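Please read the structure below before turning to the comments.
The values are calculated or read from the model by the stated rules, or taken from the named source; none is laboratory data. Quick caveat, the model's predicted, so the values are computed rather than measured. Here the Cβ is made from the backbone with ideal geometry for all residues, glycine too, and neighbour counts use every protein chain on show. Heavy atoms of the whole protein, side chains included, go into the accessibility calculation; ligands, DNA and RNA do not. Shrake-Rupley method; radii C 1.70, N 1.55, O 1.52, S 1.80 Å.
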Number of protein chains: 2
Amino acid sequence: MNESAVFKAARELDQQDPLAPFRSRFVIDDPELIYLDGNSLGRLPIAAVERAQQIVRDEWGCRLIRGWSDSPNSWMDLAGRIGDKIGGLVGAEPGELRVADSTSVNLFKLAVAALRAQPGRSRLITDDLNFPSDVYILQAAIEAVGGHHRLEIVPSSDGITTPLSLLETVVDEHTALVALSHTAFKSAFVHDMTAVNHLAHQHGALILWDLSHSAGAVQVELRGSGADLAVGCTYKYLNGGPGAPAFLYVRRELQDRLENPISGWLGHADPFSFVLDYAPAEGIRRFMTGSPPIASTALVEPGVDLLLEAGMEAVRAKSVAQTSFLLDLWETELKPLGFELRSPRAPERRGSHLALGHPEAWRICQALIAEYHVIPDFRVPDNLRLGVAPLYNTFEELAKAMNALRQIVEERRYARYTTERTGVT
Amino acid sequence: MNESAVFKAARELDQQDPLAPFRSRFVIDDPELIYLDGNSLGRLPIAAVERAQQIVRDEWGCRLIRGWSDSPNSWMDLAGRIGDKIGGLVGAEPGELRVADSTSVNLFKLAVAALRAQPGRSRLITDDLNFPSDVYILQAAIEAVGGHHRLEIVPSSDGITTPLSLLETVVDEHTALVALSHTAFKSAFVHDMTAVNHLAHQHGALILWDLSHSAGAVQVELRGSGADLAVGCTYKYLNGGPGAPAFLYVRRELQDRLENPISGWLGHADPFSFVLDYAPAEGIRRFMTGSPPIASTALVEPGVDLLLEAGMEAVRAKSVAQTSFLLDLWETELKPLGFELRSPRAPERRGSHLALGHPEAWRICQALIAEYHVIPDFRVPDNLRLGVAPLYNTFEELAKAMNALRQIVEERRYARYTTERTGVT
């Protein structure tokens, strides 16, 4: 395909895109910047700018302590109200999901709770596609329940995919918990949630999903698929802001069976009784711990509202179309230049980014930012991730980014950049 | 003392007050509102309004993912930079204190770390003046280390004070950890930090302080007094905003001896290596867990800056003068009306609020808010707390509030309010 034909096709796709108007709902100060890192930090919804002023100047500044109880929009209600909205994006019912803490703290809480609820079972299963930080936390959870458990990390078949058949050989009647990232941060591989839930339950194990790379990008039916527990972050495809508070989900039937291992005042049955004995609240609130950071929590809502307005079906359809567009261009333009595909080809097993390997990935990444104004995402040692956020990325942006990658390698433009790794990207 | 003499004295004290200009550094939209609840949620610094715009609109909106690494003010540095500033208020050295998580999560982390570092010692000591939520968390910490430990709650002598002599009868060579609130949330009783540290260390125990009601109100010398560990919130006297992230302190000499029980990616030696094995960072960073909520974290800084500018010596001097002023008025005006003093008389043992008991405290509190525009703080069952925040409270406000309390009881104005308790106050 020649260059102009690609751009023509991209512009046509943009013209037909029913989600195209959503781009104008985000702050885009530099229209030339091609931002393909919504899988690390989503863009700022315009509504969040006003919300920041409101929560700081009007609510904190003027309402002061009364903000905690002001009805109908009290700070006390934020974690539940926004939690229920996120629940609407990932197939949870009202009262099954709350915004709280960080993903790591939530994972610790739910993993410890699950292990304690499964006496006599000693195995905790994950795979090597999971976030390393999730693996650290699962190890920490094991220490917190007494250390007789064992974490087993299933090796993916090729660094890209963990087939269900592999998990089937591992999960057994000694398994207490299966804990996986639904969409893998490296390859964008998406587990078959229904099948894995079924596998875990067949053997009496509980299942805990990390939805950080799924929420707002991939259709998830927590309740419908029989998932027990889930956590996830809000700063990627939910556009909640840097380091924004995370969420946790506990299937309603399990809520009163599990205990929060970091039992704080907000999870108490009567938080304002100030009694010295802990008594857990009924329902999802028992998994809360301390006071939520209100400014950061409130800023999660505008991004979630945009996704609810767009609808996850439309978001997912565009996401698949966009990663397929990238994949086709990789095949014709980049594969011959030494780029390796590190994401699944099957769209139903692929999340909202495309991972490409290249021996010069780090230097290519620097050239992409400096010379083409394209922000991708780099992961050691040689992984370039191109994240598509259907609410604001256009097909034309994708065409430009792929064209830039081709030029950078064809013309060896990366050669002038350092091999030394710095920064976050 | 007659009413006009009291107001005259108050106005004279305000005129002589070297900290008086700081009031103008806060958003005060309603000059008639007398806000005596800075011990629950501090007022909004004007600088924080601008900071909110900057962090949201400019940094998140325009810098996007680059905000994490932008020098010199990267988001990655916030927890350490603001932590060091808070350290300057509580006598920690740079690199000993970080902003992170909630007070409860931090307390859990440090209590578990301390108990694990003290093998063979089974006793954990606290007192009944501590926050109930701290007691819940200490209980949770015991469960996380295996359950053979025992939490002992020393009963205070009178609900106001826990004398050192009482602690001396309890702390022994089986004590792993002593965990106390430095300033008690109910009575404002302030433990003698140096003496308690010495007592703990004499017996080989570690000591963990909750500074939530001390930081920004009472002079604290963590390092100078030999404290091992501390946590605290930032939303009270530090004016960091509702639910703002908390802090944790680990004395430098202990940092590499203790392990973070919720080992997350930010505490990893090389967070961007993405290796599956956890290796703790050196120094205080190992006690970090997940990504910090950047908006709420950044908003902590303006309030801390104001306290650093004012100086804790001046802040404490005014705080003592103001609670003494309240105490004198209680003695002459309120004691005869059935108000009971529930704070220590000795200024060196008293934090920055005065607790008054009254059988009708809840209804008095409602009258105070509705008819006098005074916001106090109520704690079940019959405790009225009057918090003074020296950076923005005037003596005249205190005189008005005490006069209102007198009128409400003398004229039985509380009688029209409900005995049913609602809301947060």
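Tabulated results
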| read-out | value |
| --- | --- |
| For the stretch A:272-350, the Rg and Dmax computed from alpha carbons only, in angstrom | 22.4, 68 |
| Convex hull volume per residue in cubic angstrom - Cα atoms of chain A | 143 Å³ |
| Nearest-10 value in Å² for the accessible area of A:His373, using the 1.4 Å probe | 70 Å² |
| Share, in percent, of DSSP beta bridges within the protein assembly as shown that are antiparallel, nearest 5 | 55 percent |
| Spin-label pair A:Glu309/B:Asp192, simplified geometry with 7 Å Cα→Cβ offset, distance in nm | 6.3 nm |
| Protection proxy ranking, peptides B:314-322, B:243-251, A:329-337, average beta carbon neighbours within 10 Å, highest first | B:243-251, B:314-322, A:329-337 |
| Dipole axis of chain A (+1 Lys, Arg; -1 Asp, Glu on Cβ), positive-most option in A:Leu276, A:Ala244, A:His148 | A:Leu276 |
| Inter-copy spacing of B:His201 label points, which lie 7 Å from Cα along Cα→Cβ, given in nm from shortest upward | 5.8 |
| Spatial separation of Cα centroids for the stretch B:233-287 and the stretch A:386-425, in angstrom | 34 Å |
| The stretch A:80-154-the stretch B:29-96 distance, computed between alpha-carbon centres (Å) | 31 Å |
| Cβ-defined net charge surrounding A:Ala10, 9 Å radius [Lys, Arg +1; Asp, Glu -1] | -1 |
| Total formal charge among the other residues, if their Cβ is under 10 angstrom from that of A:Asp377, Lys/Arg +1 and Asp/Glu -1 | +1 |
| Kirkwood Rh in Å, taken over all unlike Cα pairs in the protein assembly as shown | 28.0 Å |
| Sequence-distant residues sharing a close amide H with A:Phe378 (under 5 Å, placed H) | A:Arg385 |
| Dipole of the stretch B:304-381, positive direction: furthest Cα of B:Ala370, B:Gly338, B:Phe325, with charges on the beta-carbon | B:Gly338 |
| Percent carbon-and-sulfur accessible area, the stretch A:263-410, ignoring ligands, DNA and RNA, probe 1.4 Å | 54 percent |
| Cβ crowding within 10 Å averaged over residues, with A:13-20, B:235-242, B:375-382, B:20-27 ranked highest first | B:235-242, B:375-382, B:20-27, A:13-20 |
| Long-range amide H partners of A:His268 with built H, under 5 Å | A:Ala281 |
| Cβ-placed point charges (K, R +1; D, E -1), dipole of chain B about Cα centre in debye, nearest 20 | 320 debye |
| Cα-centred dipole magnitude for the protein assembly as shown, charges only on beta-carbon of K, R (+1) and D, E (-1), debye, nearest 20 | 0 debye |
| For A:179-191, mean number of other protein chain Cβ atoms within 10 Å | 0 |
| Computed FRET value (nearest 0.05) for B:Val275 with A:Asp172, which takes r as the C-beta separation and R₀ as 25 Å | 0.35 |
| Share of alpha-carbon pairs per 5 Å distance bin for the stretch B:195-278, given as whole % | 3, 12, 18, 18, 16, 16, 10, 5, 2 |
| Averaged over B:44-50, number of beta-carbon atoms from partner chains that fall within 10 Å | 3 |
| Residue mean of other protein chain beta carbons inside 10 Å, A:28-38 | 2 |
| Largest to smallest accessible area among A:Thr169, B:Thr289 [probe 1.4 Å] | A:Thr169, B:Thr289 |
| Share antiparallel - DSSP beta bridges, chain B, percent rounded to 5 | 55 percent |
| Cα long-axis angle, helix B:3-16 against chain B (0 to 90 degrees, to the nearest 10) | 40 degrees |
| Label point 7 Å beyond Cα along the C-beta direction, distances from A:Asn2 to other copies (nm, shortest first) | 10.1 |
| Net charge, A:Thr332 excluded, C-beta distance under 12 Å - Lys, Arg +1, Asp, Glu -1 | -2 |
| Sites matching GluC sites (Glu not before Pro) across the stretch A:1-95 that sit in DSSP coil, with at most 10 neighbouring C-beta atoms within 10 Å | A:Glu32 |
| Protein accessible surface hidden between A and B, which excludes ligands and nucleic acids, total in Å², probe 1.4 Å | 6700 Å² |
| Heavy-atom accessible surface of the stretch A:125-251: percent carbon and sulfur, 1.4 Å | 49 percent |
| Cα-based convex hull, the stretch B:228-323, per residue volume (Å³, whole number) | 132 Å³ |
| Threshold 20 Å² - residues in the stretch B:292-314 whose accessible area is reduced by that much or more when the chain is no longer isolated, probe 1.4 Å | B:Pro293, B:Ile294, B:Ala295, B:Ser296, B:Leu299 |
| Shortest-first distances to equivalent copies, position B:Arg150, nm, label 7 Å out along Cβ | 3.6 |
| Long-range HN-HN contacts of A:Ala246 with modeled amide H, under 5 Å | A:Ala100, A:Asp101, A:Ser102, A:Thr103 |
| Cα-derived Rg over Rh, computed across the stretch B:109-250 with Rh taken as Kirkwood radius | 0.94 |
| Rounded to 10°, Cα long-axis angle of helix A:193-202 versus longest principal axis of chain A | 40 degrees |
| In degrees, nearest ten, helix B:132-144 long axis to first principal axis of chain B (Cα) | 20 degrees |
| DSSP-assigned coil residues among GluC sites (Glu not before Pro) in the stretch A:96-195, each with at most 13 further Cβ atoms within 10 Å | A:Glu173 |
| Computed log₁₀ I(q)/I(0) - Debye formula, equal Cα scatterers, no solvent, the stretch A:26-178, q 0.08 Å⁻¹ | -0.40 |
| Per residue accessible area of the protein assembly as shown, 1.4 Å probe, in Å² | 33 Å² |
